[in-house]
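Enquirer: The structure under discussion is supplied below as structure tokens; questions concerning it will follow.
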Amino acid sequence: TSLEMLGRDIRTVLSATTELNDKVGAIVVGTVGQSNLINETGIDLSALKNKKQAFLLTVSQDGKLVVAGSDSHGTAYGILEISRLLGVSPWEWWADVTPEKRETFRLSSKFRELQSPSVEYRGIFINDEDWGLLRWAKNTFEKERGNIGPKTYAKVCELLLRLKANYLCPAMHEASTAFNKIPENKLVADSFAIVMGSVHCEPLLFNNASEWDRKAMGEWNYVTNRDGINKVLRKRVNENGKFENVYTLAMRGIHDAVMAGNLTLEEQARVLEKAFDDQREILSSEMNKPADQIPQAFTPYKEVLETYDHGMNVPDDVTLVWSEDDFGYMKRLSNSKERKRSGRSGVYYHVSYWGPPKHYLWIASTPPTLMYEELEKAYRSTADRLWVVNVGDIKPAEYHINLFMDMAYDIESFNYDNINAHSVDFLCRIFGEKYREDLTDIQQTYFQLAFARKPEYMERSTDTEFSIQNYKEVDRRLAAYERIAAKAERILKELDQE
């Protein structure tokens, strides 16, 4: 799949007609241990030993471009690193970023790029898809399905691969068809080597919001209908177990609600422990391997964090996925005892949010520096196993998705000196270096204004928090927005049609 994408990119950028496969003369591609071609190049591959998802991109003695991956993921990222060097943006399709045409593409004979990710599983959670993604897929892109289906998910998976991501929690609202109700969806994800997961309230890849049939299956209540719930979870693992997944351990109410039964914290903790035991038994028996060899995650989100804190026992190999407070600040990091767990920890982060006390779905405005500060300290406290970001329906969170994946892939390349320039670099790669000064002003002003008050939080005149009478607060704020809007309009008019 990645070779097909690179072939398409080469034809777009160089107007070439080359059809790429793993035996093209000028480029040698292979995975260590699975390719004799790689061994024949004479390249030292020792740097890839014992690394996951790593690649070496270099030039051989006879002038061939060599892509060697430590595994299939690494090989795919190495192939698409060539696309990045060609100038193809991960957003070439989703945001119509037309790459610049080139007559030639050359690398130095000394070129060598070795990369491996900081975080093992890096991905997005598509959420609140009712507003945009669902309507667009239904009415425009996937009319034949009338919903979000394999054609749409193929584009999502391609985006993730281009971003060097490898994990997806699919859309889960009742308005859209559940991912696993359409068998082709998981085949599409597998073809892009995307690891499937489910969000904090969906046990073992099961979307209870739209897959649970109350009439046929009874109540979604583990205390009164344990066998009924476990039966559908066992069926899901049986159907999906041959694909690569991270399995969420969970037992909340339907959709995103509190656990059924009006239980005390003590009762909830004990019920969750028993549910986790059952779910791990299902995994172990259906997949014929010990539970501690199967990737699993638990996200103590919202009221579940209180349950976890009430003395709840979570198996040591399960990844604890800490959430931020829905507004960008991590609520929790692993303590000294939790840092010793073999499952380590992860992060569930929002750059789009629908829920009390305030929504922000219109535009993405979380400051990059805040994201770096919060995610970097989480990483330092063992959150290196799984990072997932709630992106709403992908648009308009493109930049924030890019930043999140860049940090998850290589957190060491970020610091407080360069984080503010990251969004400007992102835009300059698209619109040109000559706009750097204006884009810096636009971006920094935009994030500062939205940090003082998100535009979505000014839905009523009583919500402004800015005075019309004192210190010219409103006048200054409107003038700043008008200034950067005028700059953006001027740049837009100057750009060529492509």
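The values are calculated or read from the model by the stated rules, or taken from the named source; none is laboratory data. All of these numbers come straight from a predicted model, not from anything done at the bench. A quick note on method: Cβ atoms are made from the backbone with ideal geometry, for glycine too, and the neighbour counts reach across all protein chains shown. Only protein heavy atoms, including side chains, enter the accessible area calculation; ligands, DNA and RNA are left aside. Shrake-Rupley method; radii C 1.70, N 1.55, O 1.52, S 1.80 Å.
Enquirer: Considering only residues that are in contact (Cβ under 8 Å) with a residue 40 or more places away in the chain and surrounded by 14 or more Cβ atoms within 10 Å (Cβ to Cβ), which ones fall in the stretch 304-313?
Expert: V304, T307, H310, M312
Enquirer: Among the numbered conditions (1) within 23 Å of M312 (Cβ to Cβ); (2) touching a His at 6+ places or on another chain (Cβ under 9 Å); (3) part of a loop (DSSP other than H, G, I, E, B), tell me where Q268 comes up short.
Expert: Only one criterion in (1) within 23 Å of M312 (Cβ to Cβ); (2) touching a His at 6+ places or on another chain (Cβ under 9 Å); (3) part of a loop (DSSP other than H, G, I, E, B) is unmet by Q268, namely (3).
Enquirer: I'd like the full set of residues that are over 16 Å from R112 (Cβ atoms) and open to solvent by 30 Å² or more (accessible area, probe 1.4 Å), limited to the stretch 41-61.
Expert: Scanning the stretch 41-61 gives K49, N50, K52.
Enquirer: Also, quick follow-up: What are the pairs with Cβ atoms under 8 angstrom where one residue, in the stretch 232-245, is surrounded by 18 or more Cβ atoms within 10 Å (Cβ to Cβ) and the other, located anywhere, is of a type in the set (K, R)? Sequence gap at least six, or different chains.
Expert: What qualifies is N240/K186.
Enquirer: Quick check: is even one residue across the stretch 396-416 at pLDDT below 95 and under 20 Å from the mean Cα position of the chain (by Cα)?
Expert: Yes, the stretch 396-416 contains a residue that is at pLDDT below 95 and under 20 Å from the mean Cα position of the chain (by Cα).
Enquirer: Then there is this: Mind checking which helices (runs of 4 or more DSSP H) fall wholly inside the stretch 128-230 and carry at least 2 residues that are within 22 Å of V389 (Cα to Cα)?
Expert: 133-136, 150-162, 183-191, 208-211
Enquirer: Let me ask something else. Could you grab the pairs with beta carbons closer than 9 Å, sequence gap of 6+ or different chains, first residue in the stretch 41-54 and within 12 Å of V67 (Cα to Cα), second one part of a loop (DSSP other than H, G, I, E, B) and basic (K, R)?
Expert: Every condition considered, the pairs that remain are T41/K64.
Enquirer: Okay, moving on. Go through the stretch 275-284 residue by residue and tally those that are in contact with a helix residue (DSSP H, G or I) (Cβ under 8 Å, 6 or more places away or on another chain) and either open to solvent by 10 Å² or more (accessible area, probe 1.4 Å) or of a type in the set (D, E) (or both).
Expert: 4
Enquirer: Hey, could you check the stretch 110-127 for residues that are outside any loop (DSSP other than H, G, I, E, B) and of a type in the set (K, R) and say which is surrounded by the fewest Cβ atoms within 10 Å (Cβ to Cβ)?
Expert: Taking the candidates together, the pick is R112.
For (1) farther than 23 Å from D406 by Cα; (2) assigned to a helix (DSSP H, G or I); (3) among the aliphatic types (A, V, I, L, M), each residue gets a yes or a no:
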{"position": "Y435", "(1), (2), (3)": "no, yes, no"}
{"position": "L449", "(1), (2), (3)": "yes, yes, yes"}
{"position": "Q469", "(1), (2), (3)": "yes, no, no"}
{"position": "R476", "(1), (2), (3)": "yes, yes, no"}
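Enquirer: Still on this structure, please answer the following. Report whether or not R236 is among the basic types (K, R), under 27 Å from the mean Cα position of the chain (by Cα) and part of a helix (DSSP H, G or I).
Expert: Considered against the rule, which asks whether it is among the basic types (K, R), under 27 Å from the mean Cα position of the chain (by Cα) and part of a helix (DSSP H, G or I), R236 comes out as yes.
Enquirer: If I ask for residues that are buried (at least 23 other Cβ atoms within 10 Å of the Cβ) and under 28 Å from L86 (Cβ atoms), which ones from the stretch 129-155 would you list?
Expert: T152, Y153
Enquirer: Please determine whether any residue of the stretch 365-378 is farther than 24 Å from Q444 by Cβ and either touching an Asp or Glu at 6+ places or on another chain (Cβ under 7 Å) or surrounded by 20 or more Cβ atoms within 10 Å (Cβ to Cβ) (or both).
Expert: yes
Enquirer: Hey, another quick one. Within the stretch 47-60, is even one residue part of a loop (DSSP other than H, G, I, E, B), among the hydroxyl-bearing types (S, T, Y), modelled with pLDDT of 90 or more and touching a strand residue (DSSP E or B) at 6+ places or on another chain (Cβ under 9 Å)?
Expert: yes
Enquirer: Given (1) modelled with pLDDT of 95 or more; (2) among the small types (G, A, S); (3) farther than 24 Å from A54 by Cα, where does G432 come up short, assuming only one miss?
Expert: With respect to (1) modelled with pLDDT of 95 or more; (2) among the small types (G, A, S); (3) farther than 24 Å from A54 by Cα, G432 is out only on (1).
Enquirer: Output the qualifying pairs, or none if there are none: Cβ atoms under 9 angstrom, residues six or more apart or on different chains, first residue in the stretch 179-191 and among the hydroxyl-bearing types (S, T, Y), second residue at pLDDT below 95 and open to solvent by 30 Å² or more (accessible area, probe 1.4 Å).
Expert: If the second residue must be at pLDDT below 95 and open to solvent by 30 Å² or more (accessible area, probe 1.4 Å), the pairs left are S191/T1.
Enquirer: Then there is this: Working only within the stretch 380-398, note down all residues that are out of contact with any Ser or Thr (no Cβ under 7 Å at 6 or more places or on another chain) and either on the phi > 0 side of the Ramachandran plot or not acidic (D, E) (or both).
Expert: Result: R380, W387, V388, V389, I394, K395, P396.
Enquirer: Among the residues of the stretch 432-444, is any touching a Cys at 6+ places or on another chain (Cβ under 6 Å), among the basic types (K, R) and either free of Cβ contacts under 8 Å to residues at least 12 places away in the same chain or open to solvent by 20 Å² or more (accessible area, probe 1.4 Å) (or both)?
Expert: yes
Enquirer: Of all residues in the stretch 26-40, which are within 25 Å of R122 (Cβ to Cβ), open to solvent by 10 Å² or more (accessible area, probe 1.4 Å) and touching a Ser or Thr at 6+ places or on another chain (Cβ under 8 Å)?
Expert: Of everything in the stretch 26-40, those that are within 25 Å of R122 (Cβ to Cβ), open to solvent by 10 Å² or more (accessible area, probe 1.4 Å) and touching a Ser or Thr at 6+ places or on another chain (Cβ under 8 Å) turn out to be V29, T31, V32.
Enquirer: When only residues in the stretch 314-330 that are assigned to a loop (DSSP other than H, G, I, E, B) and either among the acidic types (D, E) or out of contact with any strand residue (DSSP E or B) (no Cβ under 6 Å at 6 or more places or on another chain) (or both) count, which is most open to solvent (accessible area, probe 1.4 Å)?
Expert: Per the stated criteria, the residue is Y329.
Enquirer: Separate question: Identify all residues within the stretch 49-83 that are among the aliphatic types (A, V, I, L, M) and either within 19 Å of C157 (Cβ to Cβ) or under 25 Å from the mean Cα position of the chain (by Cα) (or both); write none if there are none.
Expert: A54, L56, L57, V67, A68, A76, I79, L80, I82 - these are the residues of the stretch 49-83 that are among the aliphatic types (A, V, I, L, M) and either within 19 Å of C157 (Cβ to Cβ) or under 25 Å from the mean Cα position of the chain (by Cα) (or both).
Enquirer: I've got another one for you. Where residues in the stretch 254-272 are of a type in the set (D, E) and surrounded by 15 or more Cβ atoms within 10 Å (Cβ to Cβ), which of them is farthest from T224 (Cα to Cα)?
Expert: Among them, the one singled out is D256.
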